[in-house]
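> Take this structure, written in structure tokens, and hold onto it; I'll ask about it next.
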Amino acid sequence: MVLRRPGFLVFGRRSLVVNQRGSSLVEFAFAAPLMVMMIIATIEFGMIMFVSTLMESALRDAARFGITGQEPDGATRLEQIIAIVEDRTIGLVDMDNATVEVRVYPTFGDVGRGEAFVDGNGNGAYDPGETFTDENGNGAHDADIGEAGAGEAGSIVAYRMEYAWPLRTPLAGQFIGEDGKFVLKSAIAVRNEPYDQAIGAPAPGG
Ligand SMILES: [Ca+2]
Ligand SMILES: [Ca+2]
């Protein structure tokens, strides 16, 4: 059954209907490749969003483990943190090409902060020879004062992850990313539980 628009019935011109169908076919021929491209782009963007969300929740789960101070059997805390991230990203993140950083800071305000320096040439970055405050006393300027590790009880710890997602379609690479890759980042900062006090502490009233 063919449903016709009221307009065609009023004017009773069948030729108009035929012309309409013909031009619709031509329009479709032009539109089809565009539609396919849009569908592919939608899938690609969907994957990026999905992996990005996975990374966020993986880091959260890793941090949730990290704050407890638990030492798993046969692995260090950092190894376990990486294992959690790998597990929670369900194989979509190639861990050999991803970076996971866990660093300890004195305060939340220090997260990601570099050592102070006098920007002699005014380029907004530290350059060799410029005066700097060597806060950690390692004789070098550090662009990030965070100390690698999962920290002690009560430590402030930042978890960062970066992964260059390889775009599945060259088409998407025309619009986003670089060299066929789109860099995904996620980060979270937490304070470790005061687990040193909890262990062996007598129960209230006992
Ligand atoms: Ca400089
Ligand atoms: Ca330093």
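> Limited to segment 119-132, what total is found for residues that are within 11 Å of ligand 2 (Cβ to nearest atom) and assigned to a loop (DSSP other than H, G, I, E, B)? Steps first, please.
Residues of segment 119-132 within 11 Å of ligand 2 (Cβ to nearest atom): 126, 132.
Among the residues that remain, those that are also assigned to a loop (DSSP other than H, G, I, E, B) are: 126.
Result for segment 119-132: 1.
> For segment 133-166, give me the residue count where each residue is crowded, with 16+ Cβ neighbours inside 10 Å, more than 24 Å from VAL183 (Cβ to Cβ) and within 16 Å of ligand 2 (Cβ to nearest atom).
Residues in segment 133-166 being crowded, with 16+ Cβ neighbours inside 10 Å, more than 24 Å from VAL183 (Cβ to Cβ) and within 16 Å of ligand 2 (Cβ to nearest atom): 1 in total.
> Give VAL111, VAL118 a once-over and let me know the one that is over 30 Å from LEU167 (Cα atoms) and loosely packed, with under 12 Cβ neighbours inside 10 Å. Walk me through how you get there before you give the answer.
Numbers: VAL111 fails: loosely packed, with under 12 Cβ neighbours inside 10 Å.
Every option except VAL118 fails the conditions.
> Here's another thing I want to ask about it. If you go through segment 148-162 one residue at a time, do you hit one that is among the acidic types (Asp, Glu) and modelled with pLDDT of 95 or more?
Keep residues of segment 148-162 that are among the acidic types (Asp, Glu), which gives 152, 162.
Adding the requirement that they be modelled with pLDDT of 95 or more leaves 152, 162.
Yes, that holds for at least one residue.
> Can you go through ASP94, ASP127, ASP179 and tell me which one is within 16 Å of ligand 1 (Cβ to nearest atom), acidic (Asp, Glu) and surrounded by fewer than 15 Cβ atoms within 10 Å (Cβ to Cβ)?
On the way: ASP94 fails: within 16 Å of ligand 1 (Cβ to nearest atom); ASP179 fails: within 16 Å of ligand 1 (Cβ to nearest atom).
Just one listed residue meets the conditions, ASP127.
> Okay, next question. For the condition surrounded by 11 or more Cβ atoms within 10 Å (Cβ to Cβ), within 30 Å of LEU171 (Cα to Cα), modelled with pLDDT of 95 or more and in contact with a helix residue (DSSP H, G or I) (Cβ under 8 Å, 6 or more places away or on another chain), what is the one hit in VAL100, VAL51? Before you say what the answer is, go through the steps one by one.
On the way: VAL51 fails: in contact with a helix residue (DSSP H, G or I) (Cβ under 8 Å, 6 or more places away or on another chain).
After ruling out the rest, the residue left standing is VAL100.
> Does ALA140 count as within 16 Å of ligand 1 (Cβ to nearest atom) and of a type in the set (Gly, Ala, Ser)? Don't jump to the end; show me each part of the working.
Values: within 16 Å of ligand 1 (Cβ to nearest atom): yes; of a type in the set (Gly, Ala, Ser): yes.
Taking the combined requirement at face value, the residue satisfies it.
> If I go through segment 150-191 residue by residue, how many of them are over 17 Å from LEU92 (Cβ atoms) and among the aliphatic types (A, V, I, L, M)?
Filtering segment 150-191 for residues over 17 Å from LEU92 (Cβ atoms) gives 150-160, 170-171, 173-176, 178-179, 187-191.
Imposing the further condition that a residue be among the aliphatic types (A, V, I, L, M) reduces the set to 150, 153, 156-158, 171, 176, 187-190.
The qualifying residues number 11.
The values are calculated or read from the model by the stated rules, or taken from the named source; none is laboratory data. In this text, all values refer to a predicted model and were calculated from it rather than measured experimentally. Please note: Cβ atoms are built from the backbone with ideal geometry, for glycine as well, and neighbour counts cover all protein chains shown.
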